[in-house]
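Novice: Supplied in structure tokens, the structure appears directly below.
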Amino acid sequence: MQDHDRGLIIGRKSFGKGLVQSQRQFKDASAIRLTVARYYTPSGRSIQRKYEKGHYDEYEMDAINRYIQGDYINVDTASNVDLKPYKTLGGRTVYGGDGIMPDIFIPRDTTGINPYFNTLISRDLVQEYAMVYSDRNREKLGKFSSWEELHRYLRMQPLLINLVSYADSKGVRQRPYYIEESRKLLETQLEAYIIRNFWGEEGFYAVLVENDNVVDKAIEMIVTGKTAPEAIVREHYKE
């Protein structure tokens, strides 16, 4: 898509894995996977991140290091200034060797992410309580004719208060400031997981991305007509 200017990539730089592996089976039923090739995009660039033999731990820690240095928040730290440039079909400059840098960088939204929120997520307490709530109210919640109708009902319920009480019973003490700071995130995730228990993926992702800034930007670009191939190239050369 990017190399042929067929669409815009919106978000943050990708992980950068572009290797092909082949599995070889042994007689004892064990196996080994050998790296046999690299993936290349139409412009000829490899997106595989650099790695050195004997630096396995460093390679595995790369995602964490990127987070620490701000790659997910600041477009400057995630830039491709030291990478080899390539050209798209329309003449735009793109880079190889370190994942795919999006055409439009959207920083990671850390609003509402705090120690309390991270504890609930790491211990799966949001999903766990969503199932508990669904089981306790299955007969009533199962009568709604659409996930949208169920969603409207859930928004009128004291879900966050109930979740906080449930987490407290599991040993996660209440942190009023953090809870209020994470309110929107926690309510959205809890509503989405409850809806998934009754309507599957149909409503789950629709609710989950309601306040997603990447999705919002994508919709904006589509509505304003900036995603057509000719518009992508035209906007690039206007800069």
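Residue-by-condition table, conditions (1) modelled with pLDDT of 70 or more; (2) small (Gly, Ala, Ser):
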site	(1), (2)
23	yes, no
30	yes, yes
39	yes, no
71	no, no
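Novice: Out of (1) assigned by TED's automatic domain parsing to the domain that holds residue 123; (2) of a type outside the set (Lys, Arg); (3) in a helix (DSSP H, G or I), what's the single condition that is false for residue 157?
Specialist: Against the list (1) assigned by TED's automatic domain parsing to the domain that holds residue 123; (2) of a type outside the set (Lys, Arg); (3) in a helix (DSSP H, G or I), residue 157 comes up short only on (3).
Novice: Step by step: first the residues of region 96-135, then only those that are at pLDDT below 90 and of a type in the set (Ser, Thr, Tyr), then the one that is nearest to the chain's Cα centre (by Cα). Which residue is that?
Specialist: 110
Novice: Could I ask something else about it? Answer yes if at least one residue in region 42-56 is at pLDDT 65 or above, of a type outside the set (Lys, Arg) and in contact with a helix residue (DSSP H, G or I) (Cβ under 6 Å, 6 or more places away or on another chain), and no otherwise.
Specialist: Yes; the residues of region 42-56 include at least one that is at pLDDT 65 or above, of a type outside the set (Lys, Arg) and in contact with a helix residue (DSSP H, G or I) (Cβ under 6 Å, 6 or more places away or on another chain).
Novice: Still on this structure, I have one more. Does region 219-237 contain at least one residue that is modelled with pLDDT of 95 or more, over 27 Å from the mean Cα position of the chain (by Cα) and among the hydroxyl-bearing types (Ser, Thr, Tyr)?
Specialist: no
The values are calculated or read from the model by the stated rules, or taken from the named source; none is laboratory data. Worth saying up front: this structure is predicted, and the values here are computed from it rather than measured. Cβ coordinates were reconstructed from backbone atoms using ideal geometry, including for glycine residues, and neighbour counts include every protein chain displayed.
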